[in-house]
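Colleague: Input: one structure, supplied below.
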């Protein structure tokens, strides 16, 4: 839409036909626009609400305000270069996005990953999960009138970002996972930094939970709101905490373990009521379980190589370049042309903080991927917003959007 | 200042120009618009949060409404679908107003050189300060704030009417 | 627990156009006209129970014919296994039947495919553009749609690029 067209736009009622009820067309119910610039839509979501008084009759989400063309852009880059694009997709879970793309590549190439890299990947993705849940909790608190949590959560999040900066040099967009392992080995200070997190975070999680659970406003605004039954949750394709809050114990880390998750012991928290309150509680418990996983990972972190030595796909380390002509050739080949994987299509799914994050990779044998598609969790979860918010008050829509934990970069890609 | 002027007697007068006084006032109470688009919005929130604490520079009061804000921090990538909305919001802000392009994507398109992204928000609105980085660290954003303050302090009264 | 490689050809005969296994992942090619029946069979038959639709996505195989492949990722929570149904489609073929009646989850996925590839779905309740603006021309993820690359601004071509940035100011300009 051009600027002039937007400025002079006069919407007609015909555009709404088929989307809203007849009552809205006659003016019996009211249409209200929410977003794309709204403090509670967590970015640039736009929702068209049909209201009868305070009650939501229908709700039409409009997405795409952050459609970045990542999938198209990745087709124009080599496999290794396109990893940077995945970070910017779900920007609260950059390590998880790297991981799913690397897993898809490794599946396609049949590339091995050394045990040290696998355990390190688990530790870092779980730290990212806590990081993501902390942001969700802080902003969700803002939505629900528990404003002080935002400052607490961001204070703790800085400690996690320091760890990401320690390992990769970047706070958020780390691009630390590469096909076949990690970019660099974990630094020596890594273990002490993570132990500090393990020591200090449990008490803080208890504090946050007390702030929320003991807050009458929070209870009133979440319990019994945004209900969805287990059958509907499956039919609508909900995944992650949304699905588990409805009572279905399905976690891809358990069901289809990837990256050595089968060596870890952890519980999958579930709720019973399928409302906003249960989704909050499931995520609270998930943060504690993540700490459990991280502790086990640190204890079992083996020594050894951090990246595969398959020279067809993995560039040689710098130290070899001065000694071996073969290494120089591999290095030159891999950084100029890239590698040529076999033809085929693979689908790999992982459990991101928000649900099933899948990557569908089509290769035609050239150095660039032919097609990359990400099955992002909040895209599908958000499509159930109309189902979730029908019949509730307009103020509850904010709580429901917060409980879906949308990240618009993840929805629109 | 109150304590010193009491001790020294009748010294409670500071002479300055109107320009300087007004510009100083503007830098100390700038209300940025709460306009998070993508990844940079998370770093913008980190800047408000305890460790970096933008309120040290008078920049902490984020307003959700464009009608109440002086500064638009374009934090993130601007898509072709969002561009008209962004211009609309800019037009709704009262004068004087400033724009800070935070991050590579909205400064120049960044890594996303494709059909969906506006290659630099300066195609739509005039930008006063560009902050590089993907995403910029909170320190970089604070440096951007201070650069903007320097710029505001140098404004002439003849610019006020046009700005 | 039944093997879809055996059960599906038995039940649908010619509508199953091929079976492929790559890296342990099973893909079953289905004729476009039969996709709803096959999907319902996969969902409701005892021993299959692929109750969960993970995603619907498409790929453009230009220049080969048929040009587009639409994949349906199914998952069976009971047996913990996955199945990919694939429909091949070219422009001019009849519209692909929509699976939204089986899974409401397919609603947005099919809209995205329509938006990005221009593949129409028959029986979809609300087939509009999802991600791009409503008046956008073309379908961006098709291979014949250009990336839309613009020249990057460096110090040697500042003036040239600034011509189409009406609001950009030169260094030290104005104020």
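Colleague: Just one of (1) touching a strand residue (DSSP E or B) at 6+ places or on another chain (Cβ under 6 Å); (2) part of a helix (DSSP H, G or I); (3) farther than 30 Å from residue C:149 by Cα trips up residue B:30, so point out which.
Modeller: (2)
Colleague: Now a separate question. Select from the stretch C:136-158 the residues that are at pLDDT below 85, within 14 Å of chain B (Cβ to nearest Cβ) and more than 19 Å from residue B:112 (Cβ to Cβ) and write down the one among them that is surrounded by the fewest Cβ atoms within 10 Å (Cβ to Cβ).
Modeller: So, considering only residues that are at pLDDT below 85, within 14 Å of chain B (Cβ to nearest Cβ) and more than 19 Å from residue B:112 (Cβ to Cβ), the one surrounded by the fewest Cβ atoms within 10 Å (Cβ to Cβ) is C:155.
Colleague: Right, another one. So residue C:70 passes all but one of these: (1) in contact with a strand residue (DSSP E or B) (Cβ under 6 Å, 6 or more places away or on another chain); (2) at the interface with chain A (Cβ under 10 Å from one of its Cβ atoms); (3) under 20 Å from residue A:359 (Cα atoms). Which condition number does it fail?
Modeller: Evaluating residue C:70 over (1) in contact with a strand residue (DSSP E or B) (Cβ under 6 Å, 6 or more places away or on another chain); (2) at the interface with chain A (Cβ under 10 Å from one of its Cβ atoms); (3) under 20 Å from residue A:359 (Cα atoms) leaves (2) as the failure.
Colleague: Still on this structure, please answer the following. When the residues of the stretch A:79-95 are filtered to those that are part of a loop (DSSP other than H, G, I, E, B) and within 20 Å of residue A:412 (Cβ to Cβ), which remaining residue is nearest to the other protein chains (Cβ to nearest Cβ)?
Modeller: Step by step, filter the stretch A:79-95, then rank; the result is A:91.
Colleague: Please give the helices (runs of 4 or more DSSP H) falling wholly within the stretch A:256-348 in which 2 or more residues are surrounded by 20 or more Cβ atoms within 10 Å (Cβ to Cβ).
Modeller: Hits in the stretch A:256-348: A:276-300.
Colleague: Checking residue A:218 against (1) under 24 Å from the mean Cα position of the chain (by Cα); (2) crowded, with 16+ Cβ neighbours inside 10 Å, only one condition comes out false. Which one?
Modeller: All conditions are met except number (1).
Colleague: While we're here: Please give the strands (runs of 3 or more DSSP E) falling wholly within the stretch B:46-163 in which 2 or more residues are within 11 Å of another protein chain (Cβ to nearest Cβ), surrounded by fewer than 18 Cβ atoms within 10 Å (Cβ to Cβ) and modelled with pLDDT under 85.
Modeller: none
Colleague: Has the stretch A:96-111 got at least one residue that is within 14 Å of chain B (Cβ to nearest Cβ) and in a helix (DSSP H, G or I)?
Modeller: yes
Colleague: Sort out which residues of the stretch C:1-59 are part of a loop (DSSP other than H, G, I, E, B) and free of Cβ contacts under 8 Å to residues at least 60 places away in the same chain, and write them in order of number.
Modeller: Within the stretch C:1-59, C:2, C:3, C:23, C:24, C:31, C:45, C:46, C:47, C:48, C:49, C:50, C:51 meet the criteria.
Colleague: Same structure again: Can you find a residue in the stretch C:110-122 that is in a loop (DSSP other than H, G, I, E, B), closer than 26 Å to residue A:356 by Cα and in contact with a strand residue (DSSP E or B) (Cβ under 8 Å, 6 or more places away or on another chain)?
Modeller: Looking through the stretch C:110-122, at least one residue is in a loop (DSSP other than H, G, I, E, B), closer than 26 Å to residue A:356 by Cα and in contact with a strand residue (DSSP E or B) (Cβ under 8 Å, 6 or more places away or on another chain).
Colleague: Can I ask one more? With respect to residue C:127, determine if the residue is within 11 Å of chain A (Cβ to nearest Cβ), in contact with a strand residue (DSSP E or B) (Cβ under 7 Å, 6 or more places away or on another chain), outside any strand (DSSP E or B) and at pLDDT below 90.
Modeller: Yes; evaluated as a whole, the condition is true for this residue.
Colleague: If you don't mind, another one. Taking residue C:85 as the residue in question, decide whether it is within 15 Å of the chain's Cα centre (by Cα), closer than 16 Å to residue C:5 by Cα and either outside any strand (DSSP E or B) or more than 10 Å from chain A (Cβ to nearest Cβ) (or both).
Modeller: yes
Colleague: Right, next: Taking the criterion of being surrounded by 15 or more Cβ atoms within 10 Å (Cβ to Cβ), free of Cβ contacts under 8 Å to residues at least 40 places away in the same chain and part of a loop (DSSP other than H, G, I, E, B), would at least one residue in the stretch A:185-204 satisfy it?
Modeller: no
The values are calculated or read from the model by the stated rules, or taken from the named source; none is laboratory data. No experiment lies behind these values; they were computed from the predicted model shown. No Cβ is skipped: glycine too gets one built from the backbone with ideal geometry, and neighbour counts run over all protein chains shown.
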